[in-house]
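The values are calculated or read from the model by the stated rules, or taken from the named source; none is laboratory data. As the structure is a computational prediction, the values presented were derived from the model and not from experiment. Ideal geometry is used to build each Cβ from the backbone, glycine not excepted, and the neighbour counts take in all protein chains shown. Just the protein is used for accessible areas: all its heavy atoms, side chains included, with ligands, DNA and RNA removed. Shrake-Rupley method; radii C 1.70, N 1.55, O 1.52, S 1.80 Å.
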2 protein chains.
Amino acid sequence: MTSDSSGHTSDDADANPLGPTITIGELAARSGLATSALRFYEKEGLLASTRTRGGQRRYARSSLRRVAFVRAAQELGLTLGEIREALASLPDGRTPTKHDWQRLSRGFRATLDARIMGLVRLRDRLDGCIGCGCLSMKSCALYNAGDRAAKRGAGARYLIGDPDVG
Amino acid sequence: MTSDSSGHTSDDADANPLGPTITIGELAARSGLATSALRFYEKEGLLASTRTRGGQRRYARSSLRRVAFVRAAQELGLTLGEIREALASLPDGRTPTKHDWQRLSRGFRATLDARIMGLVRLRDRLDGCIGCGCLSMKSCALYNAGDRAAKRGAGARYLIGDPDVG
DNA sequence: TCTTGACTTGAAGTCAACTTCAAGTTGCAG
DNA sequence: CTGCAACTTGAAGTTGACTTCAAGTCAAGA
């Protein structure tokens, strides 16, 4: 995300083609993350910065949005690797536009929907569970926790296979 | 990942006041967890077992439910420490009853509800975001990601503070 | 009894996502 | 120009949740 075509001038202080920039400390304060986390994200390829002549990082203001996306996606349970992949759909050489973010948001929303639906299903099953005392129901909330077992191994593993178990 | 096939339910070695028991291998197969994970849970106080004369673990069938609860709670984002605390409300000396599990389920459901509501709120904000292009909205989905920032530090941190940022 | 797969232990290793540290440099206010 | 907070780096440490390993023991079918 470097180099904008429009040569924004600048006096010495902000001699940056991206326009006004912020320091890592300010980005940290505004995003609620530690500076160490931001440096870590940079090392991991989630975030980019330009440097001053002295070597200090300077971030475009759009980095705030980027960081915000990372945090929101993490809340959803995505790993940094997955988030990096998602962010890869943003343009590399220019500041992301409205449409770039819209595209990303839509994909994000799909993941969100899936996550919500999973939890709602779990809740529904738990409801049945409470109703029946959870001890003899074939469709107990805990009967088949699905997702993780599925990810981990073979087909449907049953977490609780025996009715009237105690 | 999971060690191989059927551990046997022990038949005869069941001079056990808790009734029929299963081996760690069987518990693993049925729960979708590795035996190492089950041993780890035991070390962490989340799970208990009796032992055969030879020192092998034997689990009551109710352990299946317990393990299932652990997994479901983890899905929700609880740490093992928090889960251990929740499980502490189950009786120590006897097999949990229907009512024991009902009580636990209700608390669990509250957490589930909270989590779902949080995600739904995030989704709503994201909707607004997509509608407006996410570039000048004060109530952008990413504008204030709330939870984590709140946990981490002072009051409301704004993740994206500047409209028309890019 | 023999065999073989399942089991035992404690210690060490792994992975993600950071944080902490040490020692030195930069940049801005005064 | 000085002072000092904020910045730089790479390496090592931390936490949570396990997994892997080595070296041996147990249990159940033939």
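Figures for the structure shown
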read-out	value
Area hidden from solvent between B and A (accessible, protein heavy atoms only, 1.4 Å, total, Å²)	5600 Å²
Inter-copy spacing of A:Arg103 label points, which lie 7 Å from Cα along Cα→Cβ, given in nm from shortest upward	5.5
Gained length - A:Arg84 relative to A:Phe40, 0.36 nm times residue gap less alpha-carbon distance	14.6 nm
Other-chain or far-sequence residues with amide H under 5 Å of B:Arg58's (modelled H)	B:Thr50, B:Arg51, B:Thr52
Label distances, nm, A:Thr35 versus same residue in remaining copies, Cβ-directed 7 Å point	5.1
Other copies of A:Arg53: label-to-label distances in nm, shortest first, labels 7 Å along the beta-carbon direction	8.6
Förster-model FRET efficiency, 51 Å R0, B:Asp124 and B:Arg53, C-beta, rounded to 0.05	0.30
